[in-house]
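Structure first, commentary second.
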Amino acid sequence: MQGRPERQVREERSEELPMKELEVIRDALRQSTEVNSLRFTARELGMSPTGLRGLIDGTAPYGKTIRKLRAWYAEWARREGVLDVADAKAIEVLTGTIREDRRTEAADAIRTLVEKYRRGD
């Protein structure tokens, strides 16, 4: 008789969100849920309202959720008019899958391109 197959382990936390960054994003999520609603903000993030509530209340996010949070925060900051923060978060999302030893170079190239288009060059 075979034993039960081992349960699949949830997605590992291959990416970690620094606590300060997580608190900034949580604050933005709180603001968004107050202005819009929990359901609206959850839909924007692509997660369940229950999952979002848990995240706001202190649950630590996994890798896939971290990427969603950073992308959502970049868009939220852009809408709120905080371009430097929005740019930084968007670049983090875009370079997150690039080898660590190449990320700075890639981030600089993206930043240069975005500034060029803002100037209208």
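Under a cut-off of 16 Å between alpha-carbon atoms, report the lysines in cross-link reach of residue 20, not counting same-chain residues fewer than 8 places apart.
Of all the lysines, those that pass the test against residue 20 - Cα under 16 Å, at least 8 places apart if same chain - are 89.
What nm distance separates the two modelled labels at residue 64 and residue 98, each placed 7 Å from Cα along Cα→Cβ?
For residue 64 paired with residue 98, the spin-label model returns 2.5 nm.
Is the shape of the chain best called rounded, prolate or oblate, per the rule: a/c under 1.5 gives rounded, else a/b larger than b/c gives prolate, else oblate, with a ≥ b ≥ c the square roots of the Cα gyration tensor eigenvalues?
Note, shape of the chain comes out oblate.
Using a Förster radius of 30 Å, what is the FRET efficiency between residue 48 and residue 16 based on their Cβ-Cβ separation? Nearest 0.05, please.
Result of the calculation: an efficiency of 0.85.
List every DSSP H helix in the chain whose Cα atoms extend 15 Å or more along the helix's own long axis and whose mean Kyte-Doolittle hydropathy is at least 0.5.
TM-like helix candidates: 83-95.
Which of 83, 45, 94 comes first, and how do the rest follow, when ranked by fewest Cβ neighbours within 10 Å?
83, 94, 45
Every number here is computed from the coordinates shown, using simple stated rules; none is lab data. Source: prediction; values computed, not measured. Cβ atoms come from the backbone with ideal geometry, glycine included; neighbour counts cover every protein chain shown.
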